[in-house]
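Below is one structure, written out as structure tokens; comments come after it.
The values are calculated or read from the model by the stated rules, or taken from the named source; none is laboratory data. Model, not experiment: these values are computed from the prediction. Backbone-built Cβ (ideal geometry, glycine too); neighbour counts: all protein chains shown. For accessibility, only protein heavy atoms count, side chains too; no ligands or nucleic acids. Shrake-Rupley method; radii C 1.70, N 1.55, O 1.52, S 1.80 Å.
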Amino acid sequence: MKVKVDTELLKKARKVTGLKSDKVMVENALQLFITLENQKGLLNLWGKVKFNDDSHE
């Protein structure tokens, strides 16, 4: 698959990460995006889940 990525973004990513491979940078970015989206889902549960404090005894 081919994807056109902003060359300035790639330059900034190379500078910040030290990575040379565009493929690795894009894969890392996608993994981070997935992680952040999953965290948003967890934040939506904030205050909705009740824990039994006695369960650790």
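Of Val5, Val26, all but one fail to be of a type in the set (A, V, I, L, M, F, W, C) and in contact with an Asp or Glu (Cβ under 8 Å, 6 or more places away or on another chain); the exception is Val5.
Lys48 - would you say it is assigned to a loop (DSSP other than H, G, I, E, B), open to solvent by 80 Å² or more (accessible area, probe 1.4 Å) and of a type outside the set (Gly, Ala, Ser)?
Working: assigned to a loop (DSSP other than H, G, I, E, B): yes; open to solvent by 80 Å² or more (accessible area, probe 1.4 Å): yes; of a type outside the set (Gly, Ala, Ser): yes.
Yes: the conditions hold for Lys48.
Evaluate segment 11-24: report whether one residue or more is among the hydrophobic types (A, V, I, L, M, F, W, C) and not in a helix (DSSP H, G or I). There is at least one residue in segment 11-24 that is among the hydrophobic types (A, V, I, L, M, F, W, C) and not in a helix (DSSP H, G or I). Within segment 24-36, residues that are free of Cβ contacts under 8 Å to residues at least 24 places away in the same chain reach partners that are open to solvent by 60 Å² or more (accessible area, probe 1.4 Å) and of a type in the set (Ser, Thr, Tyr) with beta carbons closer than 9 Å, at six or more positions or on different chains, in the pairs Val24/Thr17; Met25/Thr17; Asn28/Thr17.
Being within 17 Å of the chain's Cα centre (by Cα) and basic (Lys, Arg) is a condition met by no residue of segment 1-22.
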